[in-house]
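Below is one structure, written out as structure tokens; the observations come after it.
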Amino acid sequence: MADKDKKVPLLEVRNLHTSFTTDNGVVQAVNGVSFTLEEGKTLGIVGESGSGKSVTAYSIMQILEQNGRITEGQILFQGEDITKYSAKQMNVFRGQKCAMIFQDPMTSLNPVYTVGNQIEEAIRIHSKKTKAEAYDLALEMLKLVGINDAERRIRQYPHELSGGMRQRVMIAMALASEPWILIADEPTTALDVTIQAQILELMQDLQKKLNMAIIIVTHDLGVIAQMADEIVVMYGGRICERGTADDIFYRPGHEYTKGLLHSIPRVDNMKERLIPIGGNPINLLNLPKGCAFCTRCEEAMKICIDEVPQELKIADGHYASCWMNVKNHTYVEES
């Protein structure tokens with residue numbers, strides 16, 4: 001019997017598969033991804049380029065390229081499968097329920113319109129506000145995201161603003177309709193370290209004010225450590241490991257996660273030699289039969305080559321898909 005008191009997650013991704021048809025064959029960019037996002041929480045998705053993390057985000061928003069499509073799985077928003085939505089329903093979902101900040105604000109903003117015009121357009125598409133009301137709200141949003149002299153900035157074009165200001169404009173545009181979920185795809189990649197910290201702090205402050213859920217997609221483990229309540233590590237279109245920040249950083253259960261951690265400097269031990277992950281990123285057109293990471297893993301066994309590892313429970317809320325946990329019996333038997 002189903003538990004009637006069990007709370008439905010704000011967002012739940014179940015067994016998501018997304019592929020792209022190319023001249024060389026079908027690329028399985030996302031291959032069976034599942035996770036949940038609770039109201040007011042932050043989920044971090046981390047992995048190197050080509051791991052499938054951005055495609056997962058685009059799949060949720062259903063803004064894939066023309067040659068891409070979701071082939072299997074469900075994306076549930078408050079228990080309702082949005083993969084069944086019509087184009088009109090998705091337009092409502094994208095603005096009012098879920099919004100996205102893209103990696104490069106300079107290419108995301110239209111260079112021939114003022115930033116004010118672009119924020120106002122986003123507001124009027126998703127609400128019944130008049131032009132004057134949309135202008136007032138756009139001005140309010142620019143102030144909310146910490147842009148100084150907003151009355152002047154609202155009349156400027158993207159090229160007249162710094163990279164940090166353009167990213168703040170993108171955040172203002174995304175938040176103008178007060179979405180329940182904010183997806184940030186590499187939101188600080190093009191920014192220097194000081195501005196990165198300001199943008200991350202801004203996102204956390206706005207999350208508290210608006211009780212908004214955030215999915216942050218990045219290759220930067222430092223960003224993830226600072227922001228995420230739960231972390232999903234991806235490689236080759238699959239989830240390798242998921243757990244809290246403490247689980248991932250202090251008790252990693254997958255060899256790929258360990259490799260990522262060994263390849264970044266540590267403030268508490270700057271003399272420690274960095275160890276890069278060997279080999280080349282996986283070719284998604286020619287996935288191994290077993291574990292996607294096996295060709296680069298120094299601990300790989302025969303079973304890693306032949307069989308996809310099952311996801312095992314390492315501890316409460318901490319799961320990893322690695323045969324080393326079976327070999328070392330570092331997992332919890334579930335009843």
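If I filter the range 74-81 for residues that are part of a loop (DSSP other than H, G, I, E, B) and either surrounded by 19 or more Cβ atoms within 10 Å (Cβ to Cβ) or touching a residue at least 60 places away in the same chain (Cβ under 8 Å) (or both), do I get at least one hit? Scanning the range 74-81 turns up at least one residue that is part of a loop (DSSP other than H, G, I, E, B) and either surrounded by 19 or more Cβ atoms within 10 Å (Cβ to Cβ) or touching a residue at least 60 places away in the same chain (Cβ under 8 Å) (or both). Looking only at residues that are over 12 Å from the mean Cα position of the chain (by Cα) and among the aliphatic types (A, V, I, L, M) in the range 21-67, which one is farthest from residue 236 (Cα to Cα)? Selected residue: 63. Checked against (1) in a helix (DSSP H, G or I); (2) in contact (Cβ under 8 Å) with a residue 60 or more places away in the chain, residue 100 passes all but condition (1).
Flag set for residue 174, criterion: modelled with pLDDT under 95, of a type outside the set (S, T, N, Q) and under 21 Å from the mean Cα position of the chain (by Cα). Counting just the residues of the range 226-246 that are modelled with pLDDT under 95 and among the acidic types (Asp, Glu), which one comes out farthest from the chain's Cα centre (by Cα)? So, considering only residues that are modelled with pLDDT under 95 and among the acidic types (Asp, Glu), the one farthest from the chain's Cα centre (by Cα) is 246.
Here the helices (runs of 4 or more DSSP H) wholly within the range 221-335 that include at least 1 residues being of a type in the set (Gly, Ala, Ser) and either in contact (Cβ under 8 Å) with a residue 12 or more places away in the chain or more than 21 Å from residue 33 (Cα to Cα) (or both) are 221-227, 245-250, 255-262.
Of all residues in the range 144-167, exactly one satisfies the criterion of being surrounded by fewer than 16 Cβ atoms within 10 Å (Cβ to Cβ), under 24 Å from residue 209 (Cα atoms) and either touching a His at 6+ places or on another chain (Cβ under 9 Å) or not acidic (Asp, Glu) (or both), namely 148.
Filter the range 42-62 down to residues that are of a type outside the set (Ser, Thr, Tyr), surrounded by fewer than 21 Cβ atoms within 10 Å (Cβ to Cβ) and modelled with pLDDT under 95, then give me how many there are. Looking only at that region, the number is 2.
When the residues of the range 177-188 are filtered to those that are part of a loop (DSSP other than H, G, I, E, B) and within 11 Å of residue 98 (Cα to Cα), which remaining residue is modelled with the highest pLDDT?
Out of the qualifying residues, it is 180.
The values are calculated or read from the model by the stated rules, or taken from the named source; none is laboratory data. These numbers come from a predicted model, not from an experiment. Glycine gets a Cβ as well: all are built from the backbone with ideal geometry, and neighbour counts include every protein chain shown.
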